[in-house]
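Below is one structure, written out as structure tokens; the observations come after it.
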Amino acid sequence: MIRRAVVKGVGHYLPKRVVENAELEKTVDTTDDWIRSRSGIERRHIAAKGEFTSDLGAAAAKAALDNAGMSADDIDAIVVATSTPDLTFPSCATMIQNKLGMTKGYGFDIQAVCAGFVFALTNANALIVSGQAERVLVIGAETFSRIMDWEDRATCVLFGDGAGALVLEAAEGEGTNDDRGLLAFDLNSDGRHKDILYVDGGVSSNQQTGFLRMQGKEVFRHAVEKLAATAHTSLDKLNMTGDDVDWIVPHQANLRIIKGTANRMGVGMDRVVVTVSDHGNTSAASIPLALSVGVERGQIKQGHVIVTEAIGGGLAWGSVVIRW
Ligand SMILES: CC(C)(COP(=O)(O)OP(=O)(O)OC[C@H]1O[C@@H](n2cnc3c(N)ncnc32)[C@H](O)[C@@H]1OP(=O)(O)O)[C@@H](O)C(=O)NCCC(=O)NCCS
């Protein structure tokens with residue numbers, strides 16, 4: 001018998017305001033057709049003034065707790081993946097802890113940009129299998145609208161705000177691929193590529209919040225190559241292939257990247273959860289958002305094998321295989 005981290009609940013939250021591509025046509029030199037054909041994005045949600053990343057994260061966490069039939073008192077630890085925390089410190093996780101009314105346990109943030117949720121899941125799994133926690137809330141929450149240069153048409157049309165959350169709980173497994181829970185992981189980073197996707201501000205450099213800067217074509221090239229490779233690495237650890245996968249739940253950055261990755265994995269688009277059209281790229285929030293929407297749509301069911309994969313600034317990238 002081995003200890004596994006099993007998904008007990010999932011939920012998400014999206015800010016009320018929806019910005020259609022047509023609205024962006026009025027503020028930057030772009031077209032709905034360009035955005036759709038290059039990225040697959042049709043609309044995105046944007047947080048209201050005074051609505052913070054921790055508000056989005058707390059709302060998603062409450063939805064996940066409800067889905068799990070648990071309360072915040074049942075949780076030992078909160079791991080939040082975000083690159084857009086409310087403040088430089090304290091962590092977004094402690095802000096969410098407070099908003100959930102939790103006064104015990106502990107919370108901390110993980111920053112691996114768009115790959116953040118894969119890193120957060122891996123770390124939450126480590127807390128559970130090492131016996132340091134029984135139940136962990138894993139949250140991806142972002143307000144990327146706040147680090148957009150709204151005059152840069154090459155980036156501002158691609159991103160959105162949102163949050164998603166999972167509740168993981170310790171359970172005994174047989175140690176086989178039939179166990180429910182998180183089964184395999186692969187994490188990578190390579191700081192040589194720091195200049196192709198970054199924010200040009202920070203505490204220790206210029207004391208500014210900064211704006212997202214991206215060499216889109218370069219990022220695209222790395223994404224298609226690295227995402228299929230990391231998914232294969234995780235599946236190889238289980239002697240699984242694309243044929244064993246019920247759903248790929250990819251980071252939702254660009255429909256062309258999603259299709260290219262699925263193609264390289266030999267998985268048809270009928271087994272890929274796609275939400276990028278409605279959410280844009282919500283960075284670390286995109287995978288838990290897509291998991292939650294995939295469950296809501298009736299696509300993801302208990303027992304399914306899910307592969308998540310993501311890449312983001314750093315570059316940092318990785319994948320996780322989950323039996324739901
Ligand atoms: C950004 C991205 C959509 C651009 O697509 P692309 O196919 O590389 O773009 P193209 O080469 O066809 O077009 C580039 C041209 O469109 C223009 N352009 C950029 N943004 C535009 C917009 N919103 N509307 C209209 N034109 C735009 C550029 O100025 C450029 O014009 P030029 O050729 O005259 O210089 C694509 O590279 C991409 O998705 N990259 C990965 C981004 C990503 O996922 N990042 C996050 C990872 S977590």
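List every residue whose amide H lies under 5 Å from the amide H of VAL272, counting only residues 5 or more places away in sequence or on a different chain, with H placed 1.01 Å from N in the peptide plane.
It is ILE248, by chain and number.
Taking the Cα centre of each part, how many Å lie between region 244-311 and region 147-193?
11
On the Cα set of region 181-323, report Rg and Dmax in Å, please.
Taking only Cα atoms of region 181-323, I get Rg and Dmax of 15.6, 49 Å.
Can you show me the helix-derived [θ] at 222 nm for the chain, built from DSSP H runs with n ≥ 4 at -39,500 (n - 2.57) apiece and divided by the number of residues, rounded to the nearest 500. Before the final figure, lay out the partial values.
On the way: 10 runs with 103 residues, N = 324.
Theoretical 222 nm ellipticity from helices: -9500 deg cm²/dmol.
Which whole-Hz couplings ³J(HN,Hα) result when phi for each residue of region 279-288 is put into the Karplus expression 6.51 cos²θ - 1.76 cosθ + 1.60, θ = phi - 60°, listed in order with x for Gly and Pro?
10, x, 8, 9, 6, 5, 7, 5, 5, x
Where does the charge balance sit around SER54 when Lys and Arg score +1, Asp and Glu -1, over other residues with C-beta under 9 Å from its C-beta?
On the way: positive: LYS99; negative: ASP55, ASP86.
With Lys, Arg at +1 and Asp, Glu at -1, the net is -1.
So which trypsin sites (Lys or Arg not before Pro) in region 106-160 pass both tests, a DSSP loop state and at most 13 other Cβ atoms within 10 Å of the Cβ? Show your work: numbers first, answer last.
Working: sites: ARG135, ARG146, ARG153; in loops: none.
For trypsin sites (Lys or Arg not before Pro) across region 106-160 that sit outside H, G, I, E and B with at most 13 neighbouring Cβ atoms in 10 Å, the list is empty.
Hey, what did the chain get for relative contact order, percent, Cα under 8 Å, at least 6 apart? Let's see the in-between values first.
Working: 828 pairs, mean separation 82.5, N = 324.
For the chain, the relative contact order is 25 percent.
Can you pull the Rg over Rh of the chain, Cα-only, Kirkwood? List each step's numbers first, then the result.
Working: Rg = 18.3 Å, Rh = 19.3 Å.
Looking at the chain, the ratio lands at 0.95.
Mind listing which chymotrypsin sites (Phe, Trp or Tyr not before Pro) in region 147-190 are in a DSSP loop and have 16 or fewer other Cβ atoms within 10 Å? List each step's numbers first, then the result.
Numbers: sites: TRP150, PHE159, PHE185; in loops: TRP150.
Answer in residue order: TRP150.
Would you work out which of THR233, ASN206, HIS222 lies farthest towards the positive end of the dipole of region 172-286, given +1 charges on the beta-carbon of Lys and Arg and -1 on that of Asp and Glu, about the Cα centre?
So the residue we want is ASN206.
Enumerate the calculated ³J(HN,Hα) couplings along region 32-38 in order (Karplus 6.51 cos²θ - 1.76 cosθ + 1.60, θ = phi - 60°), each rounded to whole Hz, writing x wherever the residue is Gly or Pro.
4, 5, 4, 5, 4, 6, 7
Among ARG271, ARG17, ARG43, determine the one that fluctuates most according to a GNM of the chain built with springs between C-alpha atoms less than 10 Å apart.
The residue with the greatest mean-square fluctuation here is ARG17.
Compare LEU56, LEU238, LEU227 in a GNM of the chain, Cα atoms joined below 10 Å, and give the one with the largest fluctuation.
For the chain, modelled as a Gaussian network with Cα springs under 10 Å, the answer is LEU238.
Among VAL203, VAL276, VAL157, which one moves the most in a GNM of the chain with springs linking Cα atoms closer than 10 Å?
VAL203
Taking the chain, how many lysine pairs are there with alpha carbons less than 27 Å apart, if each pair must be eight or more places apart or span two chains?
So the count works out to 27.
Could you work out the local net charge near ASN67, counting Lys and Arg as +1, Asp and Glu as -1, over the other residues with Cβ closer than 12 Å to its Cβ? Intermediate results must be reported in sequence, preceding the final value.
On the way: positive: LYS8, LYS62; negative: ASP66, GLU296.
Taking every other residue near ASN67 into account, the sum is 0.
Throughout, read-outs are computed from the coordinates displayed, never taken from laboratory work. The structure displayed is predicted, hence computed values, not measured ones. No Cβ is skipped: glycine too gets one built from the backbone with ideal geometry, and neighbour counts run over all protein chains shown.
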